[in-house]
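What follows is a single structure, written as structure tokens, with notes after it.
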Amino acid sequence: MLHHSFVFFKSRVFSFWIIVAFQIGCTNKGGNTDLITTLEESHSLEESHELAINHCGSCHLFPVPELLDKKTWQNNVLPQMSLHMGIFFDGHHYRPQIPNAVFEKDAISNLAKKLQLYPDSSVVRLEEWLAIEKFYLSKAPQQLSSIDRDRPTGKLNFAVSSVPFRFSNSYSSVSFVEFDDQRGIIYLGDKRTKSLYILDKNFNQLDQIETGSVPIKVIAKGEDLYILTMGTFEAAAESKGKLILYKEGKKEALIENLNRPVDFLMTNFMESGTPEFLIAEFGSLTGGLNLYFKNLEEFSKREIYKGAGTLQLMEKDLNQDGKLEIVALIAHGEEVLVNFAHSGNGVFERKTLIQMPPVYGSSFFTFEDINGNGKEELLYVNGDNADLSPILKPYHGVRIFEDIDGVYKQNHFLPVNGAYKVIAHDFNDDGLKDLAVVSFFPDFHKYPEEGFIVFEQKEGGSFSPIVLPMIKESRWIDIVLADLDGNGRKEILLAAHLLSQAADIPNSLRSLWAQKRHALIKISFEDID
């Protein structure tokens, strides 16, 4: 299962473009007055709406103005949207062409030019773009509504404890955590040391494998470890990721020059008789979903999906034909859950299962039988909040979809600011699965303890939230279930990551985090009669 500790760092290069725009704008304060941004009356609001649908819904699901507040649309999102139409905002005015100076700043901008991410000339007239802007600014609210919180009424009894494992530095920078049930060991990736740590059930360190870049996932086969490293944790256009084989104390790079890989599976689609790897690559500008298989002594690459946003992979027989398909979560503006069915020889047919608006920040999915009817539901998590609109969003949280004749219908929504990942488990053995949610972007000022929430399921299918005061003692990025005591009862491990600065966090919280120095905490649950 993918560990979505990296999801925040999937941020695109949007902020780069905004900075460049304002730098160029500072040298053009005396620009042509006929290009000054004004809300033209040449188009009615109805016509502006039609223009917005035609141009802003052609590449992804149409984003309605009510999804963001007016300030965020005006200052952050609309200037970025305009670039995709060949319109440029210089910090003061919109102009009908992107200056070449924008593409001469650095390697990322040069790559954007080569990839033709933005048109050489505008695809809409300037007056049409201003009409689109008018539509969004006239319809957007001054601020978004806040999340309505249910009063906790849960009966779960819990114990929270810090674990003895500590990093030498006071700031934890865990990239993922996983528990190996068969071996009874914990895998812990770390951004700062660029290492994979192996711990026993008592959190004693058994090994530290230096990987050269941030490890993000590991698959154990026998005594061998296949370790995926990202190259860079933050969004970048570099291709420095690797798939490493760790065998008998030695490391071998099997596949190199991966574009910020974030998830992988071992597959047998090509029936090559040797290990094949399906790898999700999530760079800032390029990436994709690619199948790597041995061709003689070298790995060959078969492209399945081309795009920068492949985020999470799962093998699943959704159509129940006895053949495994690939379910992939693709973010980066597409925000879709896709089923790739293998038709033979590494060729896949694509079917969209779920599509979200581009600002929803898709972060995770899984399948679980939540209502106990013997049929799995889809759990879909929205909460990445590090792009152009880092504001609290009432539509962040966990959605539960029911499969009705091949169509997924939402039947539950549990709001959680900045939700990153969810796990389903019956923590109190009452026959009902509860949901544990970790958030990397909670409301740090008012509700920092909502970095982790348990939703206890009640009879009738309702959910009651439970928060733990100790959660505010760090910033949590990953979550995993583990039977540490061997008694068949699952505990929760929460992993902390504090190196990210991309959030409005009070200094008092940062001081508390540095003082407590949590790398992991353990949460145990017991029944209450």
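Brief remarks on what is shown
- Filtered residue count, region 423-442, keeping only those that are open to solvent by less than 50 Å² (accessible area, probe 1.4 Å) and either among the aliphatic types (A, V, I, L, M) or over 18 Å from the mean Cα position of the chain (by Cα) (or both): 12
- Meets criteria (buried (at least 17 other Cβ atoms within 10 Å of the Cβ), under 24 Å from the mean Cα position of the chain (by Cα), closer than 30 Å to Gln74 by Cα and touching a residue at least 40 places away in the same chain (Cβ under 8 Å)) for Leu378: no
- A residue that is in contact with an Asp or Glu (Cβ under 6 Å, 6 or more places away or on another chain) and within 16 Å of Lys139 (Cβ to Cβ) occurs nowhere in region 55-70.
- Summed over region 346-383, residues that are out of contact with any Phe, Trp or Tyr (no Cβ under 7 Å at 6 or more places or on another chain), basic (Lys, Arg) and closer than 30 Å to Asn295 by Cβ total 1.
- Subset of region 97-131 (residues that are touching a residue at least 12 places away in the same chain (Cβ under 8 Å) and within 29 Å of the chain's Cα centre (by Cα)): Val102, Lys105, Ala107, Ile108, Ser109, Leu111, Ala112, Leu115, Leu117, Tyr118, Pro119
- All positions within region 255-281 that are in a loop (DSSP other than H, G, I, E, B), of a type outside the set (S, T, N, Q) and more than 17 Å from Ser213 (Cα to Cα): Phe269, Met270, Glu271, Gly273, Pro275
- Filtered by the rule that a residue be surrounded by 16 or more Cβ atoms within 10 Å (Cβ to Cβ), assigned to a strand (DSSP E or B) and small (Gly, Ala, Ser), region 282-324 gives Gly287, Gly288.
- The residue list Lys155, Lys139, Lys217 contains one member that is open to solvent by 50 Å² or more (accessible area, probe 1.4 Å) and at pLDDT 95 or above, which is Lys139.
- Some residue of region 458-467 being touching a residue at least 12 places away in the same chain (Cβ under 8 Å) and more than 16 Å from Asp434 (Cα to Cα): no
- Exactly one residue among Ser172, Ser145, Ser195, Ser213 is polar (S, T, N, Q) and over 26 Å from Lys240 (Cα atoms), and that residue is Ser145.
- Filtered residues of region 363-387 (kept if at pLDDT 95 or above and out of contact with any strand residue (DSSP E or B) (no Cβ under 8 Å at 6 or more places or on another chain)): none
- Per the listing Tyr420, Tyr360, the residue uniquely in contact with a strand residue (DSSP E or B) (Cβ under 6 Å, 6 or more places away or on another chain), surrounded by fewer than 23 Cβ atoms within 10 Å (Cβ to Cβ) and of a type in the set (Phe, Trp, Tyr) is Tyr360.
- Of the helices (runs of 4 or more DSSP H) lying entirely inside region 9-124, those containing at least 2 residues that are modelled with pLDDT of 80 or more and either loosely packed, with under 14 Cβ neighbours inside 10 Å or of a type outside the set (A, V, I, L, M) (or both) are 45-56, 78-83.
- One residue from Ala495, Ala419 being under 24 Å from Leu199 (Cα atoms) and within 17 Å of the chain's Cα centre (by Cα): Ala495
- Residues (over 12 Å from Ile209 (Cα atoms) and assigned to a strand (DSSP E or B)) located in region 230-251: Gly241, Lys242, Leu243
- Within region 188-212, if we keep just the residues that are under 23 Å from the mean Cα position of the chain (by Cα) and open to solvent by less than 10 Å² (accessible area, probe 1.4 Å), the residue that is nearest to Leu494 (Cα to Cα) turns out to be Leu188.
The values are calculated or read from the model by the stated rules, or taken from the named source; none is laboratory data. Only a predicted model underlies this, so the values are computations on that prediction, with no experimental measurement involved. Neighbour counts run over all protein chains shown; Cβ positions are idealised from the backbone, glycine included. Heads up: the accessible areas ignore ligands, DNA and RNA and are worked out on the full protein's heavy atoms, side chains in. Shrake-Rupley method; radii C 1.70, N 1.55, O 1.52, S 1.80 Å.
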